[in-house]
Amino acid sequence: NYITLRGFKLSQAATPWSPPTTEQIGLVGVNWSKGWVIEDNVITHSRCTGLTLGKYFDRDDAKISYGFNAHYQTVKRVLARGDWTKDNIGSHIVRNNHIAYCGQAGIVGSHGGAFCEITGNVIHDIHVGHRFGGFEQAGIKLHAPVDTTISNNLIFNCNMGIWLDWMTQGARISKNAMYDNHDWDLFVEISHGPCLVDNNILMSKVSLLDSAQGGAYVHNLFGGTVRQRPEAMRSTQYFKPHSAECVGEGKVLDGDDRFYNNLILEDGGLQSYDVNQEELWMAGNVFLGKAQPCRLENEPLCDATADNRFTIASTDSGITLELKLDSTWGKEGQRKLVTTERLGRTTLVGQGFENPDGSALEIDTDYFGASRNREDPFPGPFEIPETIESVQ
């Protein structure tokens, strides 16, 4: 526990496959521990995974029968051990690392990535060779990221950007930039929430694949498709708020989602949410070109004549995004500040969208950290003054 790994260049490792059902081994691995700080490293050219925040070894690993729901058996085993608690496991800080050219995943973790902070990392060229099958390939792929914050990361040219799978409860994905990812930027799967996704720049062909419930999508820029894919026949566990204490399980119904103050560019918009088993809340979203609102949103702002074209590319200092923004989208009183109170509580878990310590939060800053207009925040991840028509 409590190891700091700082300033190393780590490369060329013949790592094995790291599924969520068996011991996860990476070029760097925390090995079922607590409190590591992994920062300012270069982690590249791992045969499978660069960094693992994942599962321990036990002899039952060999007994797993693989399939679509294989991880369900693993969850039962983890809970039966009794040591997967906030006091014992997770709470790692992974920041300002450069992770690239790995065959499976940049960062992967089953349960061991709970209560963590993953921030300021540059992750790219992950699983581009498609040498492996299975379900664990992404820039960041986590099971049970309870109260984990993923923020301010740059993820591009991967098979997919961030994949949060099973028991994503209390997680926050904030102020990340993702583009040129082959399958999608963000995939949230088989979870009851709450999961807060705010102030992100999601510019791949598919920005979001939502196969979960209890999500809040706030002030994001969706440059690609937003797609809901119901998974009503599958179930997973949920926990006492801000802990790993299991209190029940249930099927994952579609709905119980919130979409507030997003900027949506791609054809289709939010129409895949037109039919849901659970309630939805939508307001303040802006739809450009042929993008269409969900039928449940009252008075959406649709600008069919807007130029929704954009360019995004890497530079020596980071990335450059060019997109025309119209200051009139921020008309006075058109949208409201998003807060814990406004987001409410998730249907099944009954937990609010709040900070990991249980305190209330406000989405009162933009992607760059600038203060939002509290009376009428601008849609999308950038707070734009009325005098500016474009942002770079």
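The values are calculated or read from the model by the stated rules, or taken from the named source; none is laboratory data. Computed from a predicted model, the values in this text were never measured in an experiment. Neighbour counts run over all protein chains shown; Cβ positions are idealised from the backbone, glycine included. Protein only, heavy atoms only, side chains kept; ligands, DNA and RNA dropped before computing areas. Shrake-Rupley method; radii C 1.70, N 1.55, O 1.52, S 1.80 Å.
For this structure, a couple of remarks:
- Among the residues of the stretch 353-377, the one identified as in contact with a Phe, Trp or Tyr (Cβ under 8 Å, 6 or more places away or on another chain), among the aromatic types (Phe, Trp, Tyr) and either under 14 Å from GLY170 (Cβ atoms) or surrounded by 14 or more Cβ atoms within 10 Å (Cβ to Cβ) (or both) is TYR367.
- Some residue of the stretch 324-332 being in a loop (DSSP other than H, G, I, E, B), over 22 Å from ASP257 (Cα atoms) and open to solvent by less than 50 Å² (accessible area, probe 1.4 Å): yes
- For the stretch 291-303, a residue qualifies if it is in contact (Cβ under 8 Å) with a residue 24 or more places away in the chain and either touching a Cys at 6+ places or on another chain (Cβ under 6 Å) or more than 27 Å from ALA232 (Cα to Cα) (or both), and the qualifying residues are LEU301, ASP303.
Here is a yes/no grid of residues against (1) under 22 Å from GLY352 (Cβ atoms); (2) open to solvent by 20 Å² or more (accessible area, probe 1.4 Å); (3) among the charged types (D, E, K, R):
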{"site": "ASN199", "(1), (2), (3)": "yes, no, no"}
{"site": "LEU202", "(1), (2), (3)": "no, no, no"}
{"site": "ASN220", "(1), (2), (3)": "yes, no, no"}
{"site": "ARG227", "(1), (2), (3)": "no, yes, yes"}
{"site": "PRO241", "(1), (2), (3)": "yes, yes, no"}
{"site": "ASP257", "(1), (2), (3)": "yes, no, yes"}
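- Among the residues making up the stretch 1-23, a single one is open to solvent by less than 10 Å² (accessible area, probe 1.4 Å) and touching a strand residue (DSSP E or B) at 6+ places or on another chain (Cβ under 6 Å): SER18.
- Which listed residue is at positive phi and surrounded by 15 or more Cβ atoms within 10 Å (Cβ to Cβ), from GLY350, GLY344: GLY344
- Residue selected from the stretch 106-161 under the condition within 11 Å of the chain's Cα centre (by Cα) and in a loop (DSSP other than H, G, I, E, B), by the criterion surrounded by the fewest Cβ atoms within 10 Å (Cβ to Cβ): THR148
- A search for C-beta distances below 7 Å between a residue of the stretch 175-197 that is in contact (Cβ under 8 Å) with a residue 12 or more places away in the chain and under 17 Å from PHE259 (Cβ atoms) and any residue that is charged (D, E, K, R) and open to solvent by 10 Å² or more (accessible area, probe 1.4 Å), counting only pairs 6+ apart in sequence or on different chains, returns LEU196/ARG172.
Here is a yes/no grid of residues against (1) open to solvent by less than 20 Å² (accessible area, probe 1.4 Å); (2) on the phi > 0 side of the Ramachandran plot; (3) touching a Lys or Arg at 6+ places or on another chain (Cβ under 8 Å):
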| residue | (1), (2), (3) |
| --- | --- |
| CYS48 | yes, no, no |
| GLY54 | yes, no, no |
| PHE57 | no, no, no |
| ASN88 | no, no, yes |
| ILE93 | no, no, no |
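- Tally of residues being in contact with a strand residue (DSSP E or B) (Cβ under 8 Å, 6 or more places away or on another chain) and open to solvent by less than 40 Å² (accessible area, probe 1.4 Å) across the stretch 28-43: 10
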